[in-house]
1. Taking the DSSP beta bridges in the chain as the whole, what percent of them are antiparallel, to the nearest 5?
2. Rank by packing, highest mean first: peptides 108-118, 301-311, 181-191, 258-268, with packing defined as the count of other Cβ atoms within 10 Å averaged across residues.
3. Test of the criteria: in segment 45-120, which GluC sites (Glu not before Pro) are in a DSSP loop and have at most 16 other Cβ atoms within 10 angstrom of their Cβ?
4. Hey, if you put +1 on the Cβ of every Lys and Arg and -1 on every Asp and Glu Cβ in the chain, which of 178, 45, 138 ends up farthest toward the positive end of that dipole?
5. Compute the length gained on full extension between residue 145 and residue 243: take 0.36 nm times their separation in residues and subtract their Cα-Cα distance, giving the result in nm to one decimal.
6. What number of lysine-lysine pairs in the chain show an alpha-carbon separation below 23 angstrom, given a sequence spacing of 8 or more or placement on distinct chains?
7. Please list 3J(HN,Hα) in residue order for segment 210-216, calculated via the Karplus relation 6.51 cos²θ - 1.76 cosθ + 1.60 where θ = phi - 60°; whole Hz, with x for glycine and proline.
8. Can you work out the FRET efficiency for the pair residue 85 and residue 206, with r the C-beta to C-beta distance and R0 = 41 Å, to the nearest 0.05?
Amino acid sequence: MPDRPGAERSTTAELFNGAVAASAICAAFELGLLTELEANGAIDPAGFAARAGLDHLALDAVILGLRHAGAVVEDGERGLVPGPAFGEIWRDKGYFLWLIGGYGSMLSGAAQVCRADGWPSRTNARDGGAIARAGKDYGAQFVDSMFHKLVSAVPHRTAADLGCGSARRLIELAGRAPEARFVGVEVDAAAWSAGREAVREAGLEDRIELVHSDLTALPDGAFPDVELVFSFFLAHDLLPRERFVKVLAALRRAFPGAQNLLLSDTYRSQQAADPHCPIFTLGFEYTHGLMRQQLPTFAQWVETFELSEEWKLLATHDLEIAYSTVFHLVPRDDARDALTPPQDETGDRSE
């Protein structure tokens, strides 16, 4: 019997409708609707459509998805106002952009991607621009506070960001430390160009150098003055383990003066199949599985660092993103005590 108003919702209806609502949340974020609603507390859909050059019927469809998710409700006098779920959706909007905007083509083409010759794929590739925009949003909420805390605790006059993207973090650091200098390494040409423009607009060209290069191809001794190196959510792209250990060695040669290496990443949870797993976990493990990446557990990351002859793991610092941490490494000859490896070989850790 078809579902009817007031009837108990079926599991498949929740799954299907949730997928539609996720698309609506992603679209509303990209269109600026969520931002305007957060800033003003109410929004007139017709006026918003006119200002943004949107088709009103298409916008109504997005709003329908938002209403279903509880993000908005209609107010006769004020138009649309935040609904009961708006606060949570506003907080997590970057995750929806990451999944739907960044991996939408891969998700819709998952059957083709699964074929032996289905990856890499141009047709079903991920959207790096959407992923970068999403990371900027959820990074500001769930990563930056820990990042700045760690950076401020590590003495440095010159620091390097591997995979610097738009150079946002470097520009922020330059504002916090007027005497410091910075290097950004970025392989994506569009992101590198955008970063250079952002640095120029900030008037920081004399303090921030952006290098267009694959971080695995940096020449030995390229940056002898860099004392702090960091990279966020990039380490898993340097797997498998044998390759990663070689990259660690190459980084030591490229940055011979570095005294601290901060690597942030999300590790395999072994909880993704649980219906109550937190947001992002299932999406991260699903998409990277489609890309043929066998993500390490926390314990497996620790084991990998133990194989490095150049670096040792000093400490870990959990982020507010589920199953994500910052691995703090120092040179092997550093006198500081290293982290005692965990005994739990399953890699299970709390959020």
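1. 50
2. 258-268, 181-191, 301-311, 108-118
3. Within segment 45-120, the qualifying GluC sites (Glu not before Pro) (loop, at most 16 other Cβ atoms within 10 Å) are 77.
4. 178
5. Numbers: separation 98, 0.36 × 98 = 35.28 nm, distance 3.08 nm.
Difference between extended and current length: 32.2 nm.
6. Lysine pairs, 8 or more places apart or on different chains, close enough: 4.
7. Rounded to whole hertz, the list is 10, 10, 8, 6, 6, 5, 7.
8. Details: r = 47 Å, r/R0 = 1.14.
Taking R0 as 41 Å, the efficiency between residue 85 and residue 206 is 0.30.
Quick note: the coordinates plus some simple rules give every number you see, no bench work behind them. In this text, all values refer to a predicted model and were calculated from it rather than measured experimentally. When we count neighbours, we look across all protein chains shown, and the Cβ atoms used for this are built from the backbone with ideal geometry, even at glycine.
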